[in-house]
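Enquirer: Before I ask anything, here is the structure I am working with.
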Amino acid sequence: MTATATSIPDQKKVGMVSLGCPKALVDSERILTRLRADGYAMSPDYAGADVVLVNTCGFLDSAKEESLQAIGEAIAENGRVIVTGCMGEEADAIRAAHPSVLAVTGAHQYEAVVEAVHTHAPPTQGPFIDLIPQPDVKLTPRHYSYLKISEGCNHSCAFCIIPQLRGKLASRRIDAVLREAEKLVAAGTRELLVISQDTSAYGVDTRHEAREWKGEQVRAHMTDLARELGGLRTADGTPPWVRLHYVYPYPHVDQVMPLMAEGLLTPYLDIPFQHASRAVLKAMKRPANEAKVLERLKGWRDICPDIAVRSSFVVGFPGETEEDFRYLLDWLEEAQLDRVGGFRFEQVEGAAANALPDPVPEEVKEERYARLMEVTERISAAKLAAKVGRTLPVIVDEVGEPDEDGDIGATARSQADAPEIDGQVFLRNVARDCAPGDIIDAVIEDADAHDLFGVPTRP
């Protein structure tokens, strides 16, 4: 009897549209990693996908509108759409706008998303067709990776609905986080970006439970995590850049300054101050210790002079007076933060701030926003101008093609610049073998309000 050959059917393909913050991007990576393990392939466009996942953002009304537009585009281009992410908590609103969506799940509901894909685009290949283990899916360039250490948040800020969307703080096991970080660095990551809703609170929910790592007990605590991450080494024996995001200025943050001064952590802190006026901070239900923060900023700079501090501020919060706003501007002049993002207050459905009295008129918000940007841009320009003439380490993100004179340019970032949100360093005359992920020294030749311009010390 002659055996009948059975052909392997084509893989089902999944497309992904990922919106919102880096934490949502990590969710997208985890979902796609699970689906690829189940035998799915990834589609780079709508046309080639058997189903499209839209990972939504639901933090602000403007973000919800963007999410609904993305869902509509995916439906128009493909027709078979599954919605997940923060706006997934508002399934009725999504279905009202787009009745044809196949399924809606909430934030970080990985099992539900995978089950929906299995239902509406059943896999044609099992996970054992390819016997070679596949690496995790990354949606960022190979040389930098987001490392999410927890979900949710225990704060009850008046303008925020994150606890309703993502729940209370749920920290990952310290050994699991370190194992992931080690794996990422071994795979080529040169920069780890630590993210969560509140990095400083890591492990509070587990009472800083200790786990064994490399023969020692390590606590689920920001300082222990920072120390262990600082001990990682890339294939060439150098420490990767480790950048801390979403750090609330709790007292123990002081303990990571020596690690930055020693070069074990990137001298960079992303701290969501939001405002400086005591009255506004109280209305926001946030700690009001702005004077002590100024003292601590000075102390941090004494220990690590090159530390870069970035933050974001909300203007036009209900009840914000001109006096409150001028206090914020004066505080910024004294704080001299390196990077600042500004936001006009926007109501979020379900947020306590919506019920506060004395809303700020839209034209006043716009005027205050413009003044905030003027002050912070001036501070940024002065701080960047002070770097002209210095030699700084930079990480290369993109390398261009040679111009008519054979000169090759590259786009890089200094240690003061996180990807996507901060400035860049534009390089001229880079070496022909320069590649994304390379960390090189560059002499800074010029600066503007946001970016630096330079040349490698060794072309």
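The values are calculated or read from the model by the stated rules, or taken from the named source; none is laboratory data. It should be emphasised that the depicted structure is a prediction, and the values quoted were computed from it without experimental measurement. All Cβ positions, glycine included, derive from the backbone under ideal geometry; neighbour counts span all protein chains shown. Protein only, heavy atoms only, side chains kept; ligands, DNA and RNA dropped before computing areas. Shrake-Rupley method; radii C 1.70, N 1.55, O 1.52, S 1.80 Å.
Enquirer: In the stretch 317-341, which residues are within 22 Å of residue 247 (Cβ to Cβ), part of a loop (DSSP other than H, G, I, E, B) and either of a type in the set (S, T, N, Q) or open to solvent by 30 Å² or more (accessible area, probe 1.4 Å) (or both)?
Expert: Hit for the stretch 317-341 is 336, nothing else.
Enquirer: Something else: Take the residues of the stretch 428-459 that are among the β-branched types (Val, Ile, Thr) and without any contact (Cβ under 8 Å) to a residue 60 or more places away in the chain: which is nearest to residue 381 (Cα to Cα)?
Expert: Per the stated criteria, the residue is 444.
Enquirer: Can you tell me which residue in the stretch 13-38 is least open to solvent (accessible area, probe 1.4 Å), limited to those that are in a strand (DSSP E or B) and in contact with a Gly (Cβ under 8 Å, 6 or more places away or on another chain)?
Expert: Within the stretch 13-38, the match that is least open to solvent (accessible area, probe 1.4 Å) is 15.
Enquirer: Take residue 387 and decide whether it is basic (Lys, Arg), touching a strand residue (DSSP E or B) at 6+ places or on another chain (Cβ under 6 Å) and more than 25 Å from residue 234 (Cα to Cα).
Expert: yes
Enquirer: I need the full set of residues from the stretch 52-85 which are out of contact with any strand residue (DSSP E or B) (no Cβ under 6 Å at 6 or more places or on another chain) and outside any loop (DSSP other than H, G, I, E, B), in order please. Please lay out each step first, then the result.
Expert: Initially, the stretch 52-85 is screened for residues out of contact with any strand residue (DSSP E or B) (no Cβ under 6 Å at 6 or more places or on another chain), giving 57-66, 68-69, 72-73, 76-77, 79.
Scanning the stretch 52-85 gives 61, 62, 63, 64, 65, 66, 68, 69, 72, 73, 76, 77.
Enquirer: Quick check on my filter: what residues within the stretch 428-452 are open to solvent by less than 70 Å² (accessible area, probe 1.4 Å) and within 23 Å of residue 141 (Cβ to Cβ)?
Expert: 429, 430, 431, 434, 435, 437, 438, 439, 440, 442, 451, 452
Enquirer: Mind checking which residues of the stretch 418-427 are open to solvent by less than 60 Å² (accessible area, probe 1.4 Å) and in contact (Cβ under 8 Å) with a residue 60 or more places away in the chain?
Expert: Initial filter on the stretch 418-427 (open to solvent by less than 60 Å² (accessible area, probe 1.4 Å)): 418-419, 422-423, 425, 427.
If the condition is that a residue be open to solvent by less than 60 Å² (accessible area, probe 1.4 Å) and in contact (Cβ under 8 Å) with a residue 60 or more places away in the chain, then 418, 419, 422, 423 are the ones that fit.
Enquirer: So in the stretch 116-159, with the set limited to residues that are hydroxyl-bearing (Ser, Thr, Tyr) and either part of a loop (DSSP other than H, G, I, E, B) or at pLDDT below 80 (or both), which one is farthest from residue 223 (Cα to Cα)?
Expert: Taking the stretch 116-159 first, the residues hydroxyl-bearing (Ser, Thr, Tyr) are 119, 124, 140, 144-146, 150, 156.
Retained after the next criterion (residues that are either part of a loop (DSSP other than H, G, I, E, B) or at pLDDT below 80 (or both)): 124, 140, 156.
Details: 124: 46, 140: 26, 156: 24 Å.
Among them, the one singled out is 124.
Enquirer: Among (1) open to solvent by less than 60 Å² (accessible area, probe 1.4 Å); (2) farther than 27 Å from residue 455 by Cα, which single condition is residue 359 missing?
Expert: All conditions pass for residue 359, except number (1).
Enquirer: Here's something else I'd like to know. Return a yes/no flag: does the stretch 299-316 have any residue that is of a type in the set (Ser, Thr, Tyr) and either without any contact (Cβ under 8 Å) to a residue 24 or more places away in the chain or open to solvent by 50 Å² or more (accessible area, probe 1.4 Å) (or both). Talk me through it step by step, then tell me what you get.
Expert: Going through the stretch 299-316, the residues of a type in the set (Ser, Thr, Tyr) turn out to be 311-312.
Still in the list and also either without any contact (Cβ under 8 Å) to a residue 24 or more places away in the chain or open to solvent by 50 Å² or more (accessible area, probe 1.4 Å) (or both): none.
The answer is no; no qualifying residue exists.
Enquirer: Moving to a separate point now. Any idea which of (1) among the charged types (D, E, K, R); (2) in contact with a Phe, Trp or Tyr (Cβ under 9 Å, 6 or more places away or on another chain); (3) farther than 23 Å from residue 269 by Cα is the one residue 417 doesn't satisfy?
Expert: Failed condition: (3).
Enquirer: Now for a different question. Which of the residues spanning the stretch 44-60 are at pLDDT 85 or above, crowded, with 19+ Cβ neighbours inside 10 Å and not hydrophobic (A, V, I, L, M, F, W, C)?
Expert: 50, 55, 56
Enquirer: Here are some residues: 412, 381. Which one is assigned to a helix (DSSP H, G or I), in contact (Cβ under 8 Å) with a residue 12 or more places away in the chain and of a type in the set (Gly, Ala, Ser)? Before the answer, list the steps.
Expert: On the way: 412 fails: assigned to a helix (DSSP H, G or I).
None of the other options fit; the residue is 381.
Enquirer: Pairs needed: first member in the stretch 168-182, closer than 11 Å to residue 147 by Cβ; second member anywhere, open to solvent by less than 10 Å² (accessible area, probe 1.4 Å) and hydroxyl-bearing (Ser, Thr, Tyr); C-beta distance under 7 Å; at least 6 residues apart or different chains.
Expert: Pairs found: 172/150.
Enquirer: Can you spot a residue in the stretch 170-179 that is of a type in the set (Asp, Glu), more than 17 Å from the chain's Cα centre (by Cα), open to solvent by 60 Å² or more (accessible area, probe 1.4 Å) and more than 30 Å from residue 412 (Cβ to Cβ)?
Expert: no
Enquirer: Suppose the filter is open to solvent by less than 20 Å² (accessible area, probe 1.4 Å), out of contact with any Lys or Arg (no Cβ under 7 Å at 6 or more places or on another chain) and of a type in the set (Lys, Arg); does residue 243 pass it? Give the derivation first.
Expert: Values: open to solvent by less than 20 Å² (accessible area, probe 1.4 Å): yes; out of contact with any Lys or Arg (no Cβ under 7 Å at 6 or more places or on another chain): yes; of a type in the set (Lys, Arg): yes.
Answer is yes for this residue.
Enquirer: Out of all the residues in the stretch 59-82, which are over 17 Å from residue 104 (Cβ atoms) and either touching a Pro at 6+ places or on another chain (Cβ under 8 Å) or of a type in the set (A, V, I, L, M, F, W, C) (or both)?
Expert: 59, 60, 76
Enquirer: Identify, from the list 70, 41, 63, the residue that is hydrophobic (A, V, I, L, M, F, W, C), open to solvent by less than 30 Å² (accessible area, probe 1.4 Å) and more than 15 Å from residue 84 (Cα to Cα).
Expert: Numbers: 70 fails: more than 15 Å from residue 84 (Cα to Cα); 63 fails: more than 15 Å from residue 84 (Cα to Cα).
41 is the lone residue from the list that is hydrophobic (A, V, I, L, M, F, W, C), open to solvent by less than 30 Å² (accessible area, probe 1.4 Å) and more than 15 Å from residue 84 (Cα to Cα).
Enquirer: Report every pair of residues separated by at least 6 positions or lying on different chains whose Cβ atoms are under 8 Å apart, first residue within the stretch 259-272 and on the phi > 0 side of the Ramachandran plot and of a type in the set (Gly, Ala, Ser), second open to solvent by 10 Å² or more (accessible area, probe 1.4 Å) and not in a helix (DSSP H, G or I).
Expert: Note: pairs meeting the criteria are 263/239.
Enquirer: Something else: Mind checking whether some residue in the stretch 173-189 is of a type outside the set (A, V, I, L, M), assigned to a loop (DSSP other than H, G, I, E, B) and closer than 28 Å to residue 86 by Cβ? Working first, answer last.
Expert: Step one: filter the stretch 173-189 for residues of a type outside the set (A, V, I, L, M), giving 173, 175, 179-180, 182-183, 188-189.
Filter once more, so that each one left must be assigned to a loop (DSSP other than H, G, I, E, B): 173, 188-189.
Retained after the next criterion (residues that are closer than 28 Å to residue 86 by Cβ): 173, 189.
Yes - at least one qualifying residue is present in the stretch 173-189.
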